[in-house]
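Everything on this sheet refers to the single structure shown next.
The values are calculated or read from the model by the stated rules, or taken from the named source; none is laboratory data. Computed from a predicted model, the values in this text were never measured in an experiment. We place every Cβ from the backbone using ideal geometry, glycine too, and count neighbours over all the protein chains shown.
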Amino acid sequence: MIWLAAVPALAAAAYYLLVLVAAAQWGRRFRLPTPAPTLPPISILKPIRGRDARFYEAIRSHALQDYPEFEILFGFSDPQDAAIADVAQLKAEFPHLSISTHLVATHAPNTKVGVLAELASHARHPLLLVNDSDILVEPGYLRDIAAPLADPTVGMVTCLYRGSAKSLPGRAEALGIATEFAPSVLVARLLGVAEFALGSTMVFRAADLRAIGGFEAIAEYVADDYQLGARITALGRRVEFSPVVVETDLGGESWLETWRHQLRWSRTIRVSRPSGYYGYVVTHATLWSLVALAFGQWWAAAVALAIRLVAGIAVAGGILGYRRISSDWWMIPFRDLFGFAVWLAGLTGSDVHWRGRRLILRPDGRLQPEPAAAQRAAHG
C-alpha cells in the first residue's frame, strides 16, 4: 500500500498539467488584440492609504495614458497621509488633466470601500476604474481594458499582475504571485469559475455599480474585489480578463511583512470561497513530492516536481512577462513550502493586517467593526 503515497503527488501533477492547458488556451485567446470600437470616458478611482516606494511612478503611469478622456480621483481618509504631497506634484506636472483630491471621513468597516463610495459620487464618466495604489501600467492600459466593455454582456474587466521587488522576501512573494497565484487564476477560468475579479484592475459601468447598490453594498466585506465581481455577475453580465498585465511594487519588505500579506490573502480567500480554499491543498506539488519521496515513490515525486516547475516557468515568463523567472526559478520549491505554511495558518484565525491596521474577519467575509476609539484614531 506504500504506492498510495504517490497519489497526492500525481494529483498535484494533474493540476499543473491543467495549468499548462489553461496557459495554452490563454495564449491562443489573446494572440490578436481586440481594438475597442468606442472609447468612453473613464473615471479612475484611487483610494490611498500610505505611500509605497514607487508610488509616484505608479500614479504617474496613469497620467501618461494614451486615451481620449479620463479623470483621476484620489481619496484619503487621513489628512496627514504622506501620499497627498505626491498627488499635488502630479497635478502640477499634468495641469491639463482632471486630477482631484478628496479627503473622506468614513466609518465603513472597510475604509477603502468607504473612500471609493465617496469618490464614485464625484465621478463624472460612465466607466469607472478601480485599482490598487501601487499598480504601474503601460500607456495603452486604458484602451486595452476598455475594449471588452464594448460587448454589453461584459460587466467587468480585470487583469493579471506581476510583482516587482529587490529584497529576497519580496522576490519570494513575487515568485509566488507568478508561479502559484496566477496559475490558479488560469485554472479557475478554464474550469468555469468566472465570477471573481482582481484588485489589480476592475473597470465597470457606473450604471452597473448603481444597480448593485453602489460601493455601500460591499462596505462590510474584506474581499471587495471578489464581492464586486460576484455582484455584477449576478446582474447577468460576466467578468472578462484583458490580456494586459500590470505590475505591483512589493518594495523592500521583510519576511514578517511577506507572511502578513500572504496570510491576509489566504484568510480572505477562505472566508470568500471556502470550497476553493480547501481544495487548494491538492496544488502543493513540492510538499506531495517530498511525501512520495519519503515513501520511496521517487518516480511520482520527480514527475510532480518537474511538471510543477515547467508550468510555473511557463506562466511566469510566457504570460506574465516576469523577467526574474530566469534567475529565480530554482526558488520555486522553497517558495512552495513557505506557501503551504501560509495555507495551513490560513485554515484558522480571523485577524488580518492591512496598511498598519489589524482587522477581524467574520465567517461570512464581513469585517467586524472597529471600536469607536480605534475609528477616531484612524480618522484623526
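Among the criteria (1) over 14 Å from the mean Cα position of the chain (by Cα); (2) surrounded by fewer than 22 Cβ atoms within 10 Å (Cβ to Cβ); (3) under 29 Å from GLU118 (Cβ atoms); (4) at pLDDT below 95, the one LYS166 does not fulfil is (3). Inspect all residues belonging to the stretch 129-145 and state whether any of them is surrounded by fewer than 21 Cβ atoms within 10 Å (Cβ to Cβ), in contact with a Phe, Trp or Tyr (Cβ under 6 Å, 6 or more places away or on another chain), outside any loop (DSSP other than H, G, I, E, B) and hydrophobic (A, V, I, L, M, F, W, C). No, the stretch 129-145 has no match at all. Scanning the stretch 276-308 for residues that are among the small types (Gly, Ala, Ser), under 26 Å from the mean Cα position of the chain (by Cα) and surrounded by fewer than 23 Cβ atoms within 10 Å (Cβ to Cβ) returns GLY276, GLY279. Determine if the stretch 230-249 includes at least one residue that is in contact with a strand residue (DSSP E or B) (Cβ under 8 Å, 6 or more places away or on another chain) and at pLDDT below 90. Yes, that holds for at least one residue.
Flag: LEU198 does not match the condition of being under 27 Å from GLU253 (Cβ atoms), without any contact (Cβ under 8 Å) to a residue 12 or more places away in the chain and surrounded by fewer than 22 Cβ atoms within 10 Å (Cβ to Cβ). For the stretch 309-341, which positions are of a type in the set (Val, Ile, Thr) and under 22 Å from the mean Cα position of the chain (by Cα)? Once the filter is applied, which keeps residues that are of a type in the set (Val, Ile, Thr) and under 22 Å from the mean Cα position of the chain (by Cα), the stretch 309-341 yields ILE313, VAL315, ILE319, ILE325, ILE332. Against the test of being touching a Lys or Arg at 6+ places or on another chain (Cβ under 8 Å), within 18 Å of ILE44 (Cα to Cα) and modelled with pLDDT of 95 or more, the options LEU175, LEU129, LEU142, LEU90 yield a single qualifying residue, LEU90. One residue stands out among those in the stretch 227-248 that are in a helix (DSSP H, G or I) and of a type in the set (A, V, I, L, M, F, W, C): the one that is nearest to HIS353 (Cα to Cα), which is LEU228.
Among the residues making up the stretch 72-84, a single one is at pLDDT 95 or above and either part of a loop (DSSP other than H, G, I, E, B) or closer than 19 Å to ASP144 by Cβ (or both): ILE72.
Does at least one position in the stretch 52-64 carry a residue that is in a loop (DSSP other than H, G, I, E, B), touching a Pro at 6+ places or on another chain (Cβ under 8 Å), modelled with pLDDT of 95 or more and not basic (Lys, Arg)? Yes, there is a match, as at least one residue in the stretch 52-64 is in a loop (DSSP other than H, G, I, E, B), touching a Pro at 6+ places or on another chain (Cβ under 8 Å), modelled with pLDDT of 95 or more and not basic (Lys, Arg).
Those residues that are surrounded by 18 or more Cβ atoms within 10 Å (Cβ to Cβ) and not basic (Lys, Arg), I need them from the stretch 234-250; list them, please. Matches in the stretch 234-250: VAL239, GLU240, PHE241, SER242, PRO243, VAL244, VAL245, VAL246, GLU247, THR248, ASP249, LEU250. Would you tally the residues in the stretch 91-128 being surrounded by 20 or more Cβ atoms within 10 Å (Cβ to Cβ), aliphatic (A, V, I, L, M) and assigned to a helix (DSSP H, G or I)? Qualifying residue count, the stretch 91-128: 6. Against the numbered list (1) within 15 Å of TRP288 (Cβ to Cβ); (2) surrounded by fewer than 21 Cβ atoms within 10 Å (Cβ to Cβ); (3) in contact with a helix residue (DSSP H, G or I) (Cβ under 8 Å, 6 or more places away or on another chain); (4) of a type in the set (Gly, Ala, Ser), GLY339 comes up short only at (2). Taking the conditions exactly as written (among the small types (Gly, Ala, Ser) and within 30 Å of ASN110 (Cβ to Cβ)), does GLY339 satisfy them or not? Taking the combined requirement at face value, the residue satisfies it.
Pairs linking a residue in the stretch 322-349 that is on the phi > 0 side of the Ramachandran plot to a residue that is surrounded by 18 or more Cβ atoms within 10 Å (Cβ to Cβ) and part of a helix (DSSP H, G or I), with Cβ atoms under 8 Å and 6 or more positions apart or on different chains, are GLY349/LEU263; GLY349/ARG267.
Among helices (runs of 4 or more DSSP H) entirely within the stretch 249-346, having at least 1 residues that are more than 30 Å from LEU361 (Cα to Cα) singles out 285-294, 298-313, 325-328, 332-346.
Filtering the stretch 254-275 to residues that are touching a Pro at 6+ places or on another chain (Cβ under 8 Å) and crowded, with 19+ Cβ neighbours inside 10 Å leaves THR258, VAL271. The single condition among (1) within 14 Å of LEU142 (Cα to Cα); (2) surrounded by 14 or more Cβ atoms within 10 Å (Cβ to Cβ); (3) among the β-branched types (Val, Ile, Thr) that THR38 does not meet is (2). Test ALA182 against the criterion of being free of Cβ contacts under 8 Å to residues at least 60 places away in the same chain, touching a helix residue (DSSP H, G or I) at 6+ places or on another chain (Cβ under 9 Å) and either surrounded by 18 or more Cβ atoms within 10 Å (Cβ to Cβ) or under 19 Å from ARG264 (Cα atoms) (or both), and give yes or no. Taking the combined requirement at face value, the residue does not satisfy it.
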